[in-house]
Amino acid sequence: MRERTVIIGGGAAGMAAGIFSAQNGEDATVIEKNAKIGRKLYITGKGRCNITNNCDERTVIANTPTNGRFLFSALSEFAPKDVIDFFESNGLPLKTERGNRVFPVSDRAADVVDTLLRISEKAGCKIIHAVVKDIVISDDRINGVVLENGEIMECTKLVIATGGKSYPLTGSTGDGYKFAKKAGHTIIPLRPSLVPLETEEHFGYDADGLLLKNISIKLIDTKKNKTLYTDFGEAELKRWGLSGATVRSASAHIKNMERGRYRLELDLKPALSDEKLDARLVREISAAHSGEYKVVLASLMPRGLIEDFIKLSKIPASKRCSEITKVERRIVVDLLKRMKRTITDFRPIDEAIVTSGGVSTKEIDPKTMQSKLVKGLYFAGEIIDYDCYTGGFNLQAAFSTGHSAAMSHA
């Protein structure tokens with residue numbers, strides 16, 4: 001008689017667990033409460049689905065600031081190259097872009113979901129759309145799950161892959177934590193990760209939504225006078241603070257949010273040293289000569305940022321370029337190289353890409369993803385207390401942990 005395996009959650013981790021369990025000869029059923037599987041996959045990578053990162057396992061671990069070492073065994077068994085081969089061998093052409101990010105050639109997340117559906121059907125993995133209300137445990141062993149309609153589905157192996165609490169509209173409402181608690185597991189307090197940051201200083205309406213490209217950022221812990229993170233790329237200005245890929249990645253390094261403790265510094269001209277930027281400013285001023293200060297700024301930054309920059313520099317917008325002093329030039333250069341934003345808080349968790357916190361890794365076997373407390377109970381994906389940077393690393397971790405859970409027998 002085939003082993004009966006139930007997987008709660010039809011996201012990346014759950015579908016991987018279901019597919020590989022079925023391929024492994026198990027009677028596998030994925031239970032997804034949404035009308036479609038992979039709701040979160042549809043919105044990753046801005047709708048293009050950043051499947052993985054074309055790198056080695058150690059690079060994935062290095063890009064996992066919380067409990068990266070826990071993923072070592074899972075990544076060794078199902079590495080980025082295996083994820084790439086998995087999709088391409090099943091008819092989905094992939095491409096590698098900047099930062100080794102891997103996308104479908106079609107740039108359509110829907111093609112990733114369709115491929116997972118096609119593979120699961122071929123493997124014999126069943127997918128049902130229902131809500132799991134409870135799990136059944138007796139003698140420290142999994143026996144089944146209880147559906148919303150009262151039906152009990154018996155199983156000897158249960159994989160909880162319900163995700164975290166980020167993007168609740170995709171179905172990530174934290175159901176799995178309730179089941180994990182029932183099994184006696186410790187839930188590390190949840191907090192948003194890869195999330196925009198609110199700041200004390202507010203940008204004006206002209207700058208709201210402005211995307212700054214090719215800039216550098218630096219995250220500083222002012223309490224310890226320590227730089228926690230640096231990055232290069234894009235940042236998006238908001239009335240309430242900052243967003244964008246670099247800012248979201250920086251947020252993963254803030255473990256204990258304290259209002260005013262952390263500061264972001266934006267370098268709008270990372271290719272130029274202070275000295276070279278000052279020399280360029282002198283040339284711009286000389287060329288403008290009798291023109292106004294605000295005209296020079298137009299050559300140094302996006303138009304939407306000029307009004308905010310003028311307020312920060314405290315130099316009158318109408319001041320003649322010929323009247324700008326050396327001290328004022330130094331102020332302009334310093335602002336361009338080190339625009340400071342004092343962080344006050346994370347944005348709400350429903351704006352986060354991933355959830356930090358979750359089921360304690362100390363209570364999960366890292367080789368099999370099986371609970372150390374209840375036989376036959378497994379975890380996969382974001383419900384586990386790990387989180388990665390942007391760039392395909394979180395989906396890679398989901399596929400790897402789903403694979404590990406599937407390849408283990410209760």
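Quick note: the coordinates plus some simple rules give every number you see, no bench work behind them. All of these numbers come straight from a predicted model, not from anything done at the bench. As a convention, Cβ positions derive from the backbone with ideal geometry for all residues, glycine included, and neighbour counts pool all protein chains shown.
Given R0 = 51 Å, the distance between the Cβ atoms of Ser89 and Asn256 translates into a calculated FRET efficiency of 0.70. Taking a straight line from the alpha carbon of Lys224, not one of the aspartates and glutamates sits under 12 Å away once near neighbours fewer than eight places off in the same chain are left out. Helix 12-23 and the longest principal axis of the Cα set of the chain meet at an angle near 30°. Each other residue within a Cβ distance under 15 Å of Ala62 adds +1 if Lys or Arg and -1 if Asp or Glu, for a net charge of -2.
Model label sites at Glu154 and Ile43, defined 7 Å from Cα along the beta-carbon direction, differ in position by 4.0 nm.
Would you mind checking the pairs Lys165/Lys372; Lys165/Lys213; Lys33/Lys372; Lys40/Lys157; Lys40/Lys95; Lys314/Lys340 and listing those with alpha carbons more than 19 angstrom apart?
On the way: Lys165/Lys372 24 Å; Lys165/Lys213 30 Å; Lys33/Lys372 27 Å; Lys40/Lys157 25 Å; Lys40/Lys95 21 Å; Lys314/Lys340 15 Å.
Over 19 Å Cα-Cα: Lys165/Lys372; Lys165/Lys213; Lys33/Lys372; Lys40/Lys157; Lys40/Lys95.
Across region 189-203, rounded Karplus estimates of 3J(HN,Hα) from the backbone phi angles (6.51 cos²θ - 1.76 cosθ + 1.60, θ = phi - 60°) give x, 7, 8, x, 9, 6, 10, x, 10, 7, 10, 5, 8, 10, 7 Hz, Gly and Pro being marked x. Would region 274-338 count as rounded, prolate or oblate if I go by the C-alpha gyration tensor, calling it rounded below 1.5 in a/c and otherwise prolate when a/b exceeds b/c, oblate otherwise? Verdict is rounded for region 274-338. In this simple spin-label model, placing a label point 7 Å from the Cα along the Cα-to-Cβ direction at both Val131 and Asp274 gives a separation of 6.0 nm. Report, in degrees rounded to the nearest 10, the 0 to 90 angle that the Cα long axis of helix 326-337 makes with the longest principal axis of the chain. Between helix and principal axis, roughly 10 degrees.
At a Förster distance of 51 Å, what's the computed FRET efficiency of Ser322 paired with Asp107, Cβ-Cβ distance as r, to 0.05?
Details: r = 51 Å, r/R0 = 0.99.
Between Ser322 and Asp107 the formula returns 0.50.
The modelled label-to-label distance for the pair Lys224/Arg330, using points 7 Å beyond Cα in the direction of Cβ, is 3.2 nm.
Label zone of Ser286 (point 7 Å out along Cα→Cβ, amide N under 19 Å): in region 308-323 this covers 320-323. Computed per residue of the chain from DSSP H runs no shorter than four, each worth -39500 (n - 2.57), the mean residue ellipticity at 222 nm is -8500 deg cm²/dmol. On full extension, the segment bounded by Arg263 and Lys122 gains 45.6 nm, given 0.36 nm per residue less the C-alpha separation. For the chain, the longest principal axis of the alpha carbon atoms and the long axis of helix 274-288 meet at an angle near 50°.
Which FRET efficiency value, to the nearest 0.05, is calculated for Val146 and Ser360 with the Förster distance at 35 angstrom and r the Cβ-Cβ distance? The partial results should precede the final answer.
Numbers: r = 25 Å, r/R0 = 0.71.
For R0 = 35 Å, the calculated efficiency reads 0.90.
Per-residue 3J(HN,Hα) values for region 39-56, derived from phi via the Karplus relation 6.51 cos²θ - 1.76 cosθ + 1.60 with θ = phi - 60°, read 4, 6, 4, 4, 9, 6, x, 6, x, 9, 6, 7, 4, 7, 10, 7, 9, 8 Hz in sequence order (x marks Gly and Pro).
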